[in-house]
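S.K.: First, the structure itself, so that you have it in front of you.
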């Protein structure tokens, strides 16, 4: 399957915000946004023109796509699925993205980036309810039990674990207490702009 293999820091510079695509590097002084906060390319320094409404919608959609490491077709499929479900489309879209198994592994702290979490899932290091799952887009459900084998980092402390997840120290697994709501998603995302982009 196709995926982006270019420089990840260039994506952050294009969006003008930290997307946390490279784990701990994004928190250090080596972060591209800290060192050179301008769009990539020869004319990047002079390319901070005022965006049109369409440009704002496009940039927000691209930012969320890059945060979760999705291609255009995958992202549009998530939006269309969210639009068919009764409820707030933007909130449902983010909920589906957060409940991907690679996002759950990242949110729990077993990986320093979503790309690393995706690799762990693809390599067969994650089990859900005792069954091996190697598809990063697998959607978890309430009361699912997620086991991660061979993780290089320990899960987040109890106070840092998202409220919709819990850590079972006895079985060393993650329990899904409930599905996340909009308040549980800390990323700076304006989902309404994405809805307007696809609704035009």
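S.K.: Quick one: count up the residues across region 82-95 that are more than 13 Å from residue 189 (Cβ to Cβ), in contact with a helix residue (DSSP H, G or I) (Cβ under 7 Å, 6 or more places away or on another chain) and in a helix (DSSP H, G or I). Walk me through how you get there before you give the answer.
M.R.: Applying the first criterion (more than 13 Å from residue 189 (Cβ to Cβ)) to region 82-95 yields 82-89, 92.
Those left that are additionally in contact with a helix residue (DSSP H, G or I) (Cβ under 7 Å, 6 or more places away or on another chain): 82-83, 85, 89, 92.
Adding the requirement that they be in a helix (DSSP H, G or I) leaves 82-83, 89, 92.
Final tally of qualifying residues: 4.
S.K.: Still on this model: Can you spot a residue in region 140-147 that is closer than 18 Å to residue 78 by Cβ, in contact with a strand residue (DSSP E or B) (Cβ under 8 Å, 6 or more places away or on another chain) and either modelled with pLDDT of 90 or more or crowded, with 17+ Cβ neighbours inside 10 Å (or both)?
M.R.: yes
S.K.: Could you please let me know if residue 86 is surrounded by fewer than 19 Cβ atoms within 10 Å (Cβ to Cβ), over 19 Å from the mean Cα position of the chain (by Cα) and in the same structural domain as residue 66 (by TED's automatic domain parsing)?
M.R.: When the stated conditions are applied, residue 86 passes them.
S.K.: Read through the list (1) at pLDDT 90 or above; (2) closer than 30 Å to residue 55 by Cβ; (3) assigned by TED's automatic domain parsing to the domain that holds residue 69, then give the number of the only condition that residue 137 fails.
M.R.: So residue 137 meets the others, but not (3).
The values are calculated or read from the model by the stated rules, or taken from the named source; none is laboratory data. These figures come from a predicted structure and were not determined experimentally. Every residue, glycine as well, gets a Cβ built from its backbone with ideal geometry; the counts of neighbours run over all protein chains shown.
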